[in-house]
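The values are calculated or read from the model by the stated rules, or taken from the named source; none is laboratory data. Just so you know, these numbers come straight off a predicted model, no measurement behind them. Cβ atoms come from the backbone with ideal geometry, glycine included; neighbour counts cover every protein chain shown. With ligands, DNA and RNA removed, areas are computed over all heavy atoms of the protein, side chains included. Shrake-Rupley method; radii C 1.70, N 1.55, O 1.52, S 1.80 Å.
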Amino acid sequence: MTHTPQFGGALRTNWHLQNGIYFLNNGSFGATPISVLQKQSEWRERFEQQPVFFTMRTLPVELRNAASIMGEFMGAQGEDIVFVDNASTGVNTVLRSLIPMLNEGDELITTSHVYNAVRQTMLYVCSLTGARYIEVDVPFPLASPEEVVERVRAAITPRTRFAMFDHITSPTGLVFPVADLIALCKEHGILTMIDGAHAPGMIDLHLDSLGADWYTGNFHKWLFAPKGSAFLWTAKQHQPTTHSSIISHGYSMGYHAEFDFNGTKDWSPFLCAPDGLAFMQQLGIENVRRYNRTLALEARSMMISAVPQPLPAPESMLESLAAIVLPCAIRTHENPMADAMAIHDMLWDGERIEVPVFPFATGGSVKLLLRIAAQVFNEAAEYKHLCDVLPGILELYNSNA
Ligand SMILES: Cc1ncc(COP(=O)(O)O)c(C=O)c1O
């Protein structure tokens, strides 16, 4: 792309996305441009040309080079960054590293907007250590970012040891006030990890000044990198006690030694993170963010007209994702995900609209939320189609209640 790109459907030939589908879910896995996949093939070929030389000599240098480029982009020093396969691995790495330090009755805190896999990891670590899992009910609709901070403040106790906060929440698509949450936790001596699975690319990051103890994020969601490209940033004082979930030759030999090689694998997603970034830079980082945010807000307005409801959250908390509450009762109380999937499947099977529906528990009941994502290959007409068909699909769902 040498010319100023025109966003929307015209850009779609840069991806392998099927024709004729409404792909409104960049949020789950991202979408990797064809040109970045070609770069990935080149790295794989370089590996196959001399696998031993590549692993022993090329990889250590190139990984650190990629970490410095990505660190500079995220306001961090490359030496504090290691690559992990995905945000789930980043979260597991930190929570499992905490196990020796946790005692019975310690409290691990997060909010009800937490990603379910992260919730499960916290529950697992609690089951091993006797620590307590505390999930603070933060409602949706949500009035303000301050409400998040106040709810968390009220839940902190002298036993709170560790807090996990989403930078951008998964079921609700909101930008959480993580700097304020970290500051609050610091006042109480609580360690903080930020789950920034959606953050790189979508919002500006300044990891060095944010003040978290750990931060993980994906390059494959909003930064156009190949799948399996993510990072863990660790504050220097925790690097000696932060161990890879896969223990290998480098155990206890330093942060880079532990993470830069932990078994044979395909390293091309990490080495291509700078290529994903370069793709976004070619489009213009600010252009992409402005386009996506404007589109997400427009899509949300259309959805609220189609399915009338109070504003789910202030505009200031939105970037490239937006969720609404569906006026649908839960039918399968033992597994509300089945109801969410039923609506998802009606949209996909009947209309070829790919958009996620999530169960979300708050205030003692479970709601179903629908979340759109806006990426540069999307355009307003796609959300208009969703809004045209959504009321009919919800009527059908409700009539089968
Ligand atoms: C907030 C949040 N955390 C963690 C994850 C897990 O990301 P991954 O599947 O890349 O591990 C996701 C995925 O959507 C997410 O939204």
With the structure loaded, tell me whether E146 is open to solvent by 50 Å² or more (accessible area, probe 1.4 Å), assigned by TED's automatic domain parsing to the domain that holds K221, in contact (Cβ under 8 Å) with a residue 12 or more places away in the chain and not aliphatic (A, V, I, L, M) or whether it fails that test.
yes
Considering each of A10, A31 in turn, give the residue that is among the small types (G, A, S) and within 16 Å of the ligand (Cβ to nearest atom).
A31
The number of residues in region 181-200 that are more than 18 Å from S88 (Cα to Cα) and either of a type outside the set (D, E, K, R) or not in a helix (DSSP H, G or I) (or both) is 9
For region 373-392, enumerate the residues that are closer than 14 Å to V307 by Cα and surrounded by 19 or more Cβ atoms within 10 Å (Cβ to Cβ).
Y383, L386, L390
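Residues checked against (1) of a type in the set (K, R); (2) buried (at least 22 other Cβ atoms within 10 Å of the Cβ); (3) assigned by TED's automatic domain parsing to the domain that holds A296; (4) free of Cβ contacts under 8 Å to residues at least 40 places away in the same chain:
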| position | (1), (2), (3), (4) |
| --- | --- |
| Q49 | no, no, no, yes |
| E62 | no, no, no, no |
| V91 | no, yes, no, no |
| T110 | no, yes, no, no |
I'm trying to understand the selection: among the residues of region 84-117, which are within 17 Å of T160 (Cβ to Cβ) and near the ligand (Cβ under 9 Å from one of its atoms)?
V114
Criterion: under 18 Å from the mean Cα position of the chain (by Cα), open to solvent by less than 10 Å² (accessible area, probe 1.4 Å) and of a type in the set (G, A, S) - qualifying residue of A197, A225
A225
Unmet criterion (only one of (1) near the ligand (Cβ under 10 Å from one of its atoms); (2) part of a loop (DSSP other than H, G, I, E, B); (3) in contact with a Leu (Cβ under 7 Å, 6 or more places away or on another chain)) for S170:
(3)
So, restricting to helices (runs of 4 or more DSSP H) that lie completely within region 1-95, which ones have at least 2 residues that are of a type in the set (A, V, I, L, M) and under 22 Å from the mean Cα position of the chain (by Cα)?
34-49, 59-73
Please work out which one of (1) touching a Pro at 6+ places or on another chain (Cβ under 6 Å); (2) assigned by TED's automatic domain parsing to the domain that holds L142; (3) open to solvent by 40 Å² or more (accessible area, probe 1.4 Å); (4) not polar (S, T, N, Q) is the condition P310 fails and give its number.
(2)
Can we say P226 is outside the structural domain of I324 (by TED's automatic domain parsing), more than 25 Å from L283 (Cβ to Cβ) and within 16 Å of the ligand (Cβ to nearest atom)?
no
Is there a residue being within 11 Å of the ligand (Cβ to nearest atom) and under 10 Å from the mean Cα position of the chain (by Cα) anywhere in region 207-216?
yes
Of the numbered conditions (1) assigned by TED's automatic domain parsing to the domain that holds R161; (2) open to solvent by 20 Å² or more (accessible area, probe 1.4 Å), L98 fails exactly one; give the number of that condition.
(2)
Can you pull out the residues in region 215-236 that are touching a Pro at 6+ places or on another chain (Cβ under 7 Å), assigned to a strand (DSSP E or B) and under 14 Å from P274 (Cα atoms)?
N218
Which condition number in (1) open to solvent by less than 10 Å² (accessible area, probe 1.4 Å); (2) within 16 Å of the ligand (Cβ to nearest atom) is the one that I203 fails?
(1)
